[in-house]
Every structure is written in structure tokens, then in C-alpha cells.
Amino acid sequence: MANLEQIVSLCKRRGFIYPGSEIYGGLSGIYDYGPLGVELRHNIKQYFWNKFIVEREDIYGMSASILMPERVWEASGHTELFTDPLIECDLCHERMRADQAETITEHEAIHSKKKEKVSWSEPKVFNLLVETKLGASESTATKVYLRGEITQGVHVNFKNVIDSMHPKLPFGIGQIGKAFRNEITPRDFLFRLREFEQMELQYYIKPEEGEGKKQFEFWKDFSLKWYYGLGFKKENLRLRQHGSDERAHYAKDAWDIEYNTAFSGWKEAWGIHHRGDWDLKRHSQYSGVDLSYFDEETKTRFVPWDIECSGGIDRAVLFVLLENFDEDEVGGERRTVLRLPAHLAPVKVAVFPLLKNKPELVKKAREVYEEIKRAIPNTEFDDNGNIGKRYRRQDEIGTPFCVTVDFETLENDTVTLRERDSAKQERVSTKVLAKFITTK
């Protein structure tokens, strides 16, 4: 398992993730995804969308807007309760969360080396919502918030989905989208950001204790299996129940899937929350619109309960990189390798001509590349550097297979297929190459 410094270095060097607006000094807690990172993130999102939405008959997808009126966040409790305790150092005036003991200790140690003793201000309430205004003039502008979570976009559209799709309980609504939090101390690379992306499911059920327990257990298990599908070893994931003192104000029950990081122990990766009827009742109250559900079979009307599955895509990217980073030895040389599952790898296949200065090899390699790419879109043509350096690069970015076109290819139409994890090679006919790779 890698440490955080190794991952940050790999991400910058190989085009996964860059500091946001780096040439202008950047912004804390803001990162940009490069050519390979955006593919990895897309593959994780697609895996969520397929498993939680496309493959299920009882779940609908949607995409809500980022900007939402202030009233939405009053109803959800965010303007009142979405806060962190803020303290300020009297020496350098740096601000941080009062509940982050590790960060405070590190800060005090820095001053201690200078023989300075830190005093802290009394904790103040700091709201994490990012505020902005819409309108042509200051006097008429409307205060809005960039959403602090994507959850509320589903709840405020509950009636729209009911009226347009006519679903029967239980049913769910899933979405993927950006959220924003004015974090006091963003840290640990992608773990705690100010701009991030979430993938969520809100699953509505009848308000019955038995049904609630059954569905909650189902979605805990479903979420854990989905996370295993990202390539994690079972011993590196665990389910942990929130204590009564740490549950959110809306939660009847709450569990986290946690990942065992090398840099800071167990960290939250995914949440499963029993939100009860908090959200729909609050939005009914604040909007004046009835968000209840009418059951045609029992002829009764009620406000459903909600089971939420929610995870950060950026955290998933970070944990996938940490989990799959490895260093070993091939042919007497050390190599770095990302052992990504094939369905997550940014590049699925790389095609090489053995020598870039031999036109006949380059031409044939291009033909092989075009043929494979029709079947496997995420295929890359690579003729940069010698063959050994190309293998090292593809290993480092997690490419499962490399195909080398050499002089034997010109004679019998076979190529060398190299598998990433074992570095084993075999000759395969170009006529069956694409099918051979997709069935490996």
C-alpha cells in the first residue's frame, strides 16, 4: 500500500491530477483532473451508475442543479447545523477546526520549534455553505448557495418524479454531481476538498420499522459489495456504525464504509444513512407543497422514509490509487505498477511498434491499433522511447495489456501480448486479438 506522497507524485507526473490553477499559485482544497485522472474518475462514476441505477428496475436517475435557493438549505437544516468549530492561532492567525486534534498538534509543533507557544481563540461557529448571489444589481440580487451536498436536489424533485414516472414504493432516485464546502482546513490530497463530486442514492420506502430495517441492511451489504468491486481487499474495508453522539441530525441510524489508509488509519469512504422522513417533511413544511405518497393498493397517504447511500468520487479515486499502487521487480529492474481492475483502468490496451524508426512496423502497429480500438475504445498508441520505458510507463498508469508489433508480426500476423501484473508475454494472432483481450 502506498503512502500519500507517492500517490501525489504519481498523479502529477503521469497526468492523473494537478493542483488547481497551479500557475497562479493554486487554491487550497482544489484539484484538476488530467487526461488519465478524468478517465479513472469517469470509470468509477460509470460503475456506480451501472450497478445502482441502470441494472435496477426500481431506481431512476436524475441530475439536479448546483445552485439552490437559500430556503432549501433552511429546510434541510444546513444554514443552522452545517457548521464546524473554528479556532485561530494568536501568533500567525491561521484558522482551523477545533475538533481536528492532529492538525492542531502539528501546528503547535511548528511554533514549538521556534520556541513559540500558541494560544488559541475560543471556538466560533463557522458555516460550511458557499454563498453567492444571482441578479443584475446588488440591490435586487438573490442570495443562493452552491449546494453543500447533492442530496437535497433529489428530495425537492420527489413530487416531479412521482408525477412523471408513477413509481411504486419502494423506489430510488440516484444522481452524480458536484458539491462545495468552505472547509476550514482541507487536507490529505483528495480526501477533504472544497469542491468535490458525489454519487448518491435516495431509496424511498414505506414508513414501517420492519421495512426500514430490512432495506437498511440490504443497502449496507449492496454498498460494501459495490466498493469491493473497485478492487479492494476485504481486510482494507470495514463497516462502522456511528455512535449516537456523531449521527447527523436527520439520521435514525448511520454506518460508514471505511478504508484503512497508510497515512492516517481508517477513513470514511461511503455512508449509509437512515434519514427517516426528515427531508420530505421539512421540504413540505418550508415550500408549502405536499410531498407525501399515495399508495393505490392501501388507499393511504403517507410520507415515505429514505435510505441514503452516499460516497465521494474523489475519495474513491484516492483510495483506489492507494489500494492498487505497488512496487516490484521485473527482469532485475524495479518498477512501479498500478494494479487497477480492468474496468477502471484509464487505458485498457497500449499498442507499440517495436521500433519507431521502421515505417513498416509503425504502419502495421497503426493497423493493429485501429482494429483493437474499434472493440476497446480506451486503447492507446505509444511509440515514445524504447520498449522497456514504454512498458514501465504503461505499468505505472495501470494499463492491463500491452501489444507489441515486431518483425515476426510482418511474417505471421502474430503480436506479443504482455499482461501487466505478471509481466508474462505470449504470441497471439491479430485476427483474434481484441476478443482474446476482452475475455481475459
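The values are calculated or read from the model by the stated rules, or taken from the named source; none is laboratory data. Remember, it's a predicted structure, so these values are computed and weren't measured experimentally. Note: ideal-geometry Cβ built from the backbone for every residue, glycine included; neighbour counts use all protein chains shown.
Restricting attention to region 222-233, does a residue exist that is under 16 Å from the mean Cα position of the chain (by Cα), within 25 Å of His78 (Cβ to Cβ) and either in a helix (DSSP H, G or I) or in the same structural domain as Val303 (by TED's automatic domain parsing) (or both)? Yes, region 222-233 contains a residue that is under 16 Å from the mean Cα position of the chain (by Cα), within 25 Å of His78 (Cβ to Cβ) and either in a helix (DSSP H, G or I) or in the same structural domain as Val303 (by TED's automatic domain parsing) (or both). Exactly one residue out of Ser287, Ser310 is in contact with an Asp or Glu (Cβ under 6 Å, 6 or more places away or on another chain), surrounded by fewer than 21 Cβ atoms within 10 Å (Cβ to Cβ), under 15 Å from His155 (Cβ atoms) and not acidic (Asp, Glu): that is Ser310. Of the strands (runs of 3 or more DSSP E) contained entirely in region 352-431, those carrying at least 2 residues that are surrounded by fewer than 16 Cβ atoms within 10 Å (Cβ to Cβ) fall at 425-429.
Of the listed requirements (1) more than 14 Å from the chain's Cα centre (by Cα); (2) closer than 18 Å to Thr151 by Cα; (3) modelled with pLDDT of 95 or more; (4) among the charged types (D, E, K, R), Glu200 misses just one: (1).
For region 40-56, indicate whether the set of residues that are at pLDDT 95 or above and in a loop (DSSP other than H, G, I, E, B) is non-empty. Yes, some residue in region 40-56 is at pLDDT 95 or above and in a loop (DSSP other than H, G, I, E, B). Scanning region 95-104 for residues that are surrounded by 15 or more Cβ atoms within 10 Å (Cβ to Cβ) and in a loop (DSSP other than H, G, I, E, B) gives Ala98, Gln100. Condition (residue is closer than 30 Å to Arg275 by Cα and either touching a Cys at 6+ places or on another chain (Cβ under 8 Å) or not β-branched (Val, Ile, Thr) (or both)) applied to region 317-333: is it met by at least one residue? Yes, region 317-333 contains at least one residue that is closer than 30 Å to Arg275 by Cα and either touching a Cys at 6+ places or on another chain (Cβ under 8 Å) or not β-branched (Val, Ile, Thr) (or both). Considering (1) within 24 Å of Ser9 (Cα to Cα); (2) within 33 Å of the chain's Cα centre (by Cα), the lone condition that Glu370 does not fulfil carries the number (1). For beta carbons closer than 7 Å, sequence separation of 6+ or different chains, a first residue in region 385-407 that is more than 11 Å from Leu417 (Cα to Cα) and a second that is buried (at least 17 other Cβ atoms within 10 Å of the Cβ) and among the aromatic types (Phe, Trp, Tyr), the qualifying pairs are Ile387/Phe352; Arg390/Phe352. Within the option set Gly288, Gly276, Gly332, being over 25 Å from Glu195 (Cα atoms), out of contact with any helix residue (DSSP H, G or I) (no Cβ under 7 Å at 6 or more places or on another chain), of a type outside the set (A, V, I, L, M) and not assigned by TED's automatic domain parsing to the domain that holds Leu224 holds for one residue only, Gly332.
Residues that are surrounded by 15 or more Cβ atoms within 10 Å (Cβ to Cβ), of a type in the set (S, T, N, Q) and assigned to a loop (DSSP other than H, G, I, E, B) do not occur anywhere in region 119-139.
Scanning region 140-157 for residues that are surrounded by 13 or more Cβ atoms within 10 Å (Cβ to Cβ) and not polar (S, T, N, Q) gives Val144, Tyr145, Leu146, Arg147, Gly148, Glu149, Ile150, Gly153, Val154, His155, Val156. Among residues of region 4-37 being in contact (Cβ under 8 Å) with a residue 12 or more places away in the chain, out of contact with any Pro (no Cβ under 6 Å at 6 or more places or on another chain) and in a helix (DSSP H, G or I), the one that is surrounded by the fewest Cβ atoms within 10 Å (Cβ to Cβ) is Pro35. Look at Thr298 and say whether it is closer than 24 Å to Leu224 by Cβ and among the polar types (S, T, N, Q). Here the answer is no, as Thr298 does not meet what is asked.
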